[in-house]
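Colleague: Sharing a structure with you now.
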Amino acid sequence: MAQMVLDEVEEKMVKAVGHARAEFSSIRTGRAAPALVEKLMVDYYGTEVPLQQLAGFQVPEARQLLIVPYDRGSLGAIEKAIQHSDLGLNPSNDGVNIRLSFPPLTAERRKELVKVVKHMAEEGRVALRNIRRAARHELEALEKDAELSTDELARYEKDLDKMIHVHEAEIDHSLEAKEQELLED
C-alpha cells in the first residue's frame with residue numbers, strides 16, 4: 001500500500017514539473033515561439049477555444065510568428081484575442097494569415113520577466129511540497145492503522161524527500177535555462 005502511495009506521488013511530481021516547464025514556455029523571450037499564443041483563448045462563434053485548435057503556427061524568422069488559421073472566418077476573432085492579451089503585440093492581418101513581430105526586449109523588461117519566471121518556479125516547488133505533505137499524511141495514516149511500522153514510515157519518508165529533491169532540481173535547472181534565455185540578447 002505504501003509503495004502505491006509513492007508511485008502516485010512520483011506521477012504527480014512529474015506532472016507538477018511538466019506544468020512548471022509549460023508555464024516557463026509561455027514567457028516571451030524576444031524570440032518567436034508558438035507556445036506564447038497557442039493557449040490563448042479565442043471567442044470563436046460564441047465559444048472560447050484555444051488558438052492552437054484554430055490555427056497552425058510557423059516561425060519564418062527568429063522574431064516573427066506566422067499564424068495560419070484553418071478557417072478564414074476566424075481571422076478577426078484571432079486578431080482580437082491577440083490584441084486583448086497581455087502580450088503587448090500588434091498583429092498584422094493580410095487577409096489570409098496573421099503576422100506577429102516580436103520587438104527586442106529592453107534590459108528592464110528582461111529583469112521583470114526573470115522575476116516572473118522565478119515566481120513560477122517557486123509555485124512549482126510549492127506544488128511539489130504540497131504533494132509531499134499529502135503523501136506524508138497518507139503514510140502516517142497507514143502507520144496509525146498498523147499497516148506500516150515506524151521504521152518503514154521513516155524509510156518511506158526518506159524516499160519522499162529524495163523524490164522531492166530530484167524534482168526540485170529539475171525545476172531549478174529549467175529555471176536557470178529560462179533565465180539564460182531571457183538575459184541573452
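Colleague: Here is a check on your reading of the model: is Leu113 in contact (Cβ under 8 Å) with a residue 12 or more places away in the chain, closer than 29 Å to Ser85 by Cβ and surrounded by 14 or more Cβ atoms within 10 Å (Cβ to Cβ)? Give the derivation first.
Modeller: Values: in contact (Cβ under 8 Å) with a residue 12 or more places away in the chain: yes; closer than 29 Å to Ser85 by Cβ: yes; surrounded by 14 or more Cβ atoms within 10 Å (Cβ to Cβ): yes.
So Leu113 fits the description; yes.
Colleague: Take the conditions more than 23 Å from Glu23 (Cα to Cα) and part of a helix (DSSP H, G or I) and apply them to Ala135. Does it pass?
Modeller: On the way: more than 23 Å from Glu23 (Cα to Cα): yes; part of a helix (DSSP H, G or I): yes.
Yes: the conditions hold for Ala135.
Colleague: Answer yes or no: is there a residue in the range 72-82 that is modelled with pLDDT under 90 and not in a helix (DSSP H, G or I).
Modeller: Within the range 72-82, none of the residues are modelled with pLDDT under 90 and not in a helix (DSSP H, G or I).
Colleague: Of all residues in the range 84-102 being within 22 Å of the chain's Cα centre (by Cα) and modelled with pLDDT of 85 or more, which is surrounded by the most Cβ atoms within 10 Å (Cβ to Cβ)?
Modeller: Our first condition is that a residue be within 22 Å of the chain's Cα centre (by Cα); within the range 84-102, this holds for 84-89, 100, 102.
Among the residues that remain, those that are also modelled with pLDDT of 85 or more are: 84, 100.
Numbers: His84: 11, Leu100: 19.
Result: Leu100.
Colleague: List, please: which pairs have Cβ atoms under 7 Å, are six or more places apart or on different chains, and start with a residue in the range 42-69 that is among the charged types (D, E, K, R) and end with one that is loosely packed, with under 14 Cβ neighbours inside 10 Å?
Modeller: Here the result reads Glu48/Met41; Arg63/Ser101, each pair linking the range 42-69 to a residue that is loosely packed, with under 14 Cβ neighbours inside 10 Å.
Colleague: How many of the residues making up the range 23-35 are out of contact with any Leu (no Cβ under 9 Å at 6 or more places or on another chain) and free of Cβ contacts under 8 Å to residues at least 40 places away in the same chain? Can you show your working first?
Modeller: Applying the first criterion (out of contact with any Leu (no Cβ under 9 Å at 6 or more places or on another chain)) to the range 23-35 yields 23, 31, 35.
Then drop every residue that is not free of Cβ contacts under 8 Å to residues at least 40 places away in the same chain, which leaves 35.
Qualifying residue count, the range 23-35: 1.
Colleague: Further question on the same structure: Would you confirm, using the coordinates I've provided, whether Leu153 is under 30 Å from Tyr45 (Cβ atoms), surrounded by 12 or more Cβ atoms within 10 Å (Cβ to Cβ), of a type outside the set (Val, Ile, Thr) and touching a helix residue (DSSP H, G or I) at 6+ places or on another chain (Cβ under 7 Å)?
Modeller: Details: under 30 Å from Tyr45 (Cβ atoms): no; surrounded by 12 or more Cβ atoms within 10 Å (Cβ to Cβ): yes; of a type outside the set (Val, Ile, Thr): yes; touching a helix residue (DSSP H, G or I) at 6+ places or on another chain (Cβ under 7 Å): yes.
No.
Colleague: Which residue out of Glu10, Glu38 is charged (D, E, K, R), outside any loop (DSSP other than H, G, I, E, B) and touching a residue at least 12 places away in the same chain (Cβ under 8 Å)? Working first, answer last.
Modeller: Details: Glu38 fails: outside any loop (DSSP other than H, G, I, E, B).
Of Glu10, Glu38, the one residue that is charged (D, E, K, R), outside any loop (DSSP other than H, G, I, E, B) and touching a residue at least 12 places away in the same chain (Cβ under 8 Å) is Glu10.
Colleague: Among the listed residues Leu175, Leu148, Leu160, which satisfies the condition of being part of a helix (DSSP H, G or I), over 15 Å from the mean Cα position of the chain (by Cα) and surrounded by 17 or more Cβ atoms within 10 Å (Cβ to Cβ)?
Modeller: Unique residue meeting the criteria: Leu160.
Colleague: Please state which one of Glu122, Glu181, Glu140, Glu168 is over 24 Å from Glu61 (Cα atoms), surrounded by 12 or more Cβ atoms within 10 Å (Cβ to Cβ) and in contact (Cβ under 8 Å) with a residue 40 or more places away in the chain. Working first, answer last.
Modeller: Numbers: Glu122 fails: in contact (Cβ under 8 Å) with a residue 40 or more places away in the chain; Glu181 fails: over 24 Å from Glu61 (Cα atoms); Glu140 fails: in contact (Cβ under 8 Å) with a residue 40 or more places away in the chain.
Testing whether each residue is over 24 Å from Glu61 (Cα atoms), surrounded by 12 or more Cβ atoms within 10 Å (Cβ to Cβ) and in contact (Cβ under 8 Å) with a residue 40 or more places away in the chain leaves just Glu168.
The values are calculated or read from the model by the stated rules, or taken from the named source; none is laboratory data. Keep in mind that what you see is a predicted model, and the values were worked out from it rather than measured. Note that we place each Cβ from the backbone using ideal geometry, even for glycine, and neighbour counts take in every protein chain shown.
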